[in-house]
Structure formats: C-alpha cells, structure tokens
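In what follows, a structure is listed as structure tokens, so that the remarks can point back to it.
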Amino acid sequence: MTPPLDLNGVALHKAWLDRPAQEAMVEDVRAIARAAPFQRYTTAWGKPMTVRMTAAGRLGWVIERGRYRYADRHPAGGPWPPIPDSVLSVWRALSGWPRDPDSCLVNFYGEGARMGLHRDEDEGEFAAPVLSISLGDPATFRVGGLERRAPTRSTPLESGDVAILGGPARLAYHGVDRIRFGGSTLLPEGGRINLTLRVVTSA
C-alpha cells in the first residue's frame with residue numbers, strides 16, 4: 001500500500017478506488033438518493049447551502065429550524081437506507097476503527113457549489129475518524145487546525161481519493177473552496193459526490 005499524503009494531519013489516499021469501483025459506488029449512491037432524496041438545507045444563519053445532502057445508515061445529519069443534528073429519519077419521514085457494502089468496504093480497509101459507522105453523509109456539489117471551513121463536532125465519539133470519499137469532479141480541499149484562524153493548506157481531491165480525519169486532525173477545520181466542474185467523466189452531467197462516514201455514538 002502506498003503511504004498516504006499528509007495534509008495538516010489529514011491522511012489522503014490518492015486514487016484508492018479504481019474506475020470500476022467508482023462507477024459501482026455511483027450506482028449505489030443513486031439508489032440511496034431514490035430512497036432518501038437530496039435536500040438543500042438552510043443554515044442557522046438563514047442562508048441556503050449550495051451543496052445538496054442526503055444520508056445512509058442508522059442516522060443522517062439534518063438541519064431543522066436552524067438546529068444541526070443527527071436524526072434517525074429522512075426529513076420526508078422515512079428511514080435512511082442502509083450504507084452500501086461498496087462504501088463500508090473502504091471504511092473497513094482504512095479507518096482502523098473496530099465497528100462500522102453509524103452514518104454516511106452524501107453531499108452533491110453542482111456547478112459553483114462549495115463548503116466553507118467547518119469542523120465535524122456533532123458526533124459523540126471523537127476517537128473515531130471521519131472518512132471521506134470523493135467521486136466525480138476534482139475539488140480544492142482546504143485543511144486548517146483546531147482554531148478557525150489557524151493557517152490552512154489545500155490540495156486537489158480527485159475522483160477515487162479517500163481522506164481520513166483522525167487523531168489530532170479529527171476536529172480540524174476543513175472545507176471545499178471550489179470544484180472544477182466538468183473535470184471528470186464519472187458523472188455524465190458533471191458535479192462531485194462526497195461521502196463521509198462517521199461514528200456518531202460511543203456504543
């Protein structure tokens with residue numbers, strides 16, 4: 001196995017998924033979206049997000065009345081679909097965590113979409129890593145430190161890359177500055193899919 005790149009403590013496994021594996025995972029994501037349609041949430045500050053979101057697993061992340069939380073049901077009322085085996089296999093190979101994640105967040109970045117600097121702190125188990133899978137168009141990924149004003153570094157994330165935020169970098173601020181729309185042929189109409197796997201509870 002090629003050693004991962006280090007981006008401010010985030011381990012980046014370049015080209016972890018080959019093209020057939022990426023194509024199979026996209027089909028699994030489409031099945032997730034049929035069962036739990038993508039949502040465009042509004043932040044606590046009243047601003048619509050440019051990224052559309054859904055989830056799979058026991059829990060999904062939602063914004064309701066300005067509150068960020070994990071919920072056991074899709075906003076439309078149904079349960080979240082199970083996390084596909086194609087996604088779990090990446091977690092089991094790379095996370096180093098003894099049990100499967102509670103949640104797989106699925107973000108879709110269309111043209112012009114971005115994700116501002118933030119950190120994943122709504123979970124109750126910070127010892128477990130957050131594992132992120134990139135599919136589709138390249139993105140500029142930025143990672144800082146534990147304080148919002150800490151210096152940042154950035155690198156391209158390409159289709160098939162896997163990033164792991166663990167250890168001291170588990171609560172690092174990170175975000176996506178932009179995507180290079182149409183920079184990949186994986187999604188016929190362009191765009192980027194990002195899947196993040198999270199352990200939400202300690203038991």
The local net charge around residue 192, scoring Lys/Arg +1 and Asp/Glu -1 for residues other than residue 192 whose Cβ lies under 13 Å from its Cβ, equals -2
Starting from 0.36 nm per residue, how many nanometres of slack lie between residue 114 and residue 148 once their C-alpha separation is accounted for? 10.5 nm
Only Lys, Arg (+1) and Asp, Glu (-1) charged, at Cβ; the range 5-198 dipole about Cα centre in debye: 600
Please state the charge dipole magnitude for the range 100-203, taken about the Cα centre, from unit charges on C-beta atoms (+1 on K and R, -1 on D and E), reported in debye and rounded to the nearest 20. 480
Just checking my list [x] 21, 20, 19; [y] 45, 22, 16; [z] 36, 19, 13 against semi-axes √(5λ) of the Cα gyration tensor in Å computed from this structure; which label fits? [x]
On full extension of the chain, what length is gained from residue 73 through residue 47, given 0.36 nm per residue of separation minus the C-alpha to C-alpha distance? 7.0 nm
Can you figure out the FRET efficiency of residue 93 with residue 185, using R₀ = 30 Å and their beta-carbon distance, to the nearest 0.05? 0.75
Taking Lys and Arg as +1 and Asp and Glu as -1, residues besides residue 103 with C-beta under 15 Å from its C-beta add up to -3
Of the residues 22, 172, 201, the Cα lying farthest along the dipole of the chain towards its positive end, which is defined by charges on the beta carbon of Lys, Arg, Asp and Glu, belongs to 172
What's the extension gain from residue 64 to residue 24 if we count 0.36 nm per residue and subtract their Cα-Cα distance? 11.2 nm
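Any read-out appearing in this document is the output of simple, stated calculations on the displayed coordinates, not a laboratory observation. All values reported here derive from a predicted model rather than from experimental measurement. Here the Cβ is made from the backbone with ideal geometry for all residues, glycine too, and neighbour counts use every protein chain on show.
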